[in-house]
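The values are calculated or read from the model by the stated rules, or taken from the named source; none is laboratory data. As the structure is a computational prediction, the values presented were derived from the model and not from experiment. Here Cβ is always computed from backbone atoms with ideal geometry, including for glycine, and neighbour counts include all displayed protein chains. With ligands, DNA and RNA removed, areas are computed over all heavy atoms of the protein, side chains included. Shrake-Rupley method; radii C 1.70, N 1.55, O 1.52, S 1.80 Å.
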Amino acid sequence: MLVQQHHPTDIVNNGMLRVVSEPNGKLTVKVLDLEGKIAKSLTAILEEGKQDLFLNLSDLRSGVYVLNAFCSGIFLKSIKFVKK
């Protein structure tokens with residue numbers, strides 16, 4: 001599974017990840033604040049191929065966060081972003 005960052009990294013309410021998935025890939029996304037606490041977590045079962053995953057981040061306070069993406073518990077990518 002491949003996760004690509006979608007620019008910009010400044011997010012108001014919604015973010016998007018471009019994902020290239022194997023058949024029935026399980027993607028887990030954990031959003032951490034700067035203290036390392038989980039601010040938001042979500043899991044999605046994805047179909048095979050390239051797709052865009054939209055993330056509702058409106059419930060996060062303004063600040064800097066790190067999004068960590070995992071496939072079946074295996075770390076894929078870390079993306080730093082600013083929630084406006």
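Before moving on, here are some points about what is shown:
- Other residues within the sphere of radius under 15 Å centred on the Cβ of residue 13, judged by their own Cβ, net out at +2 (K and R +1, D and E -1).
- Net charge of neighbours whose Cβ lies under 9 Å from the Cβ of residue 65, counting Lys and Arg as +1 and Asp and Glu as -1: +2
- Probing with 1.4 Å while keeping every protein chain in the model, the per residue accessible area of the chain equals 62 Å².
- Taking other residues whose beta carbon is less than 13 angstrom from the beta carbon of residue 43, and scoring Lys, Arg as +1 and Asp, Glu as -1, yields +3.
- For residue 25, the amide hydrogen comes within under 5 Å of the amide hydrogens of 46, counting only partners 5 or more places away or on other chains and with H modelled in the peptide plane.
- Hydrodynamic radius by Kirkwood, which averages 1/r over all alpha carbon pairs of the chain, in angstrom: 12.8
- The relative contact order of the chain, computed from alpha carbon pairs under 8 Å that lie at least 6 residues apart in sequence, is 36 percent.
- Our estimate of slack between residue 35 and residue 22, defined as 0.36 nm per intervening residue step minus the Cα-Cα distance, is 1.4 nm.
- Evaluating 6.51 cos²θ - 1.76 cosθ + 1.60 at θ = phi - 60° for every residue in segment 25-39, the Karplus couplings come out as x, 9, 9, 10, 10, 10, 9, 10, 7, 5, 8, x, 7, 6, 8 Hz, glycine and proline recorded as x.
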